[in-house]
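The values are calculated or read from the model by the stated rules, or taken from the named source; none is laboratory data. Nothing here was measured: the structure is a model prediction, and the numbers come from that model. Here the Cβ is made from the backbone with ideal geometry for all residues, glycine too, and neighbour counts use every protein chain on show.
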Amino acid sequence: MPQSVALLLVNLNKSIIMVYRFTIISDEVDNFLREIQIDPDATFLDFHNAIIKAVGFKEGELASFFVCDDEWNKDIEVTLEEMDTDSDTDSYIMSKTLIGKLVDEDSYQKLIYVFDYMTDRCFFIKLMEVITGKDLDAPVCTKSRGEAPAQTMDFDEMEKKLTAGSDDLGEDFYGDQGYNSDEIDAEGYEGLDGIIGGDSYDGSDIY
């Protein structure tokens, strides 16, 4: 390929504008859903702040994103603050990492967003669409359904429920590392397009 053509293709790719459409679900609240559209050149810190705003969480709490494979296994961690870790997982800092650097546009990328370090509770995030020909100055929550789970859980109360074998904190509780990835897809993301792509949302559902 002539060098001039190669340079033209590179410049063309750089000039393509696009937006990522992510959906966010919770394993604690069946009716919970948020959809966030964000530019791939935004940072994970921008994404973090958009999630916090969309779900009504307070700022200042530790959080991490995990870039996952198709089975929800954690591959890469993106932390809010720089942390010393002996983990084998590659680690990045939210403020210094562009979303487009780690997200695979062709694989419906899956992410886990841990918002409660004490119990490892989290949201499950999936890239649902790459919208070309559109750009955003700031991320926006375009769909909202259901109340978000509590940002933090009282440890004593959680311990009591776990000891009592509460149905609310059973095998699918976020703090249990043995959550079933097949159930997440079957109960959450499979068929989700029919929910978020329909006309069931009115103006009151959109931030």
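Take Phe65 and decide whether it is in contact with a His (Cβ under 8 Å, 6 or more places away or on another chain), of a type in the set (Phe, Trp, Tyr) and not in a loop (DSSP other than H, G, I, E, B).
Here the answer is yes, as Phe65 does meet what is asked.
Determine which member of the set Ile112, Ile51, Ile99 is touching a strand residue (DSSP E or B) at 6+ places or on another chain (Cβ under 6 Å) and modelled with pLDDT of 90 or more.
Ile112
Can you name every residue in the range 23-43 that is more than 10 Å from the chain's Cα centre (by Cα) and under 22 Å from Ser95 (Cβ atoms)?
The answer is Gln37, Ile38, Asp39, Pro40, Asp41, Ala42, Thr43.
Against the definition (assigned to a helix (DSSP H, G or I), surrounded by 16 or more Cβ atoms within 10 Å (Cβ to Cβ) and either at pLDDT below 90 or in contact with a helix residue (DSSP H, G or I) (Cβ under 6 Å, 6 or more places away or on another chain) (or both)), how does Asp193 come out, yes or no?
no
Within the group Glu59, Glu28, which residue is under 19 Å from Tyr117 (Cα atoms), modelled with pLDDT under 90 and either of a type in the set (Asp, Glu) or not in a loop (DSSP other than H, G, I, E, B) (or both)?
Answer to the check: Glu28.
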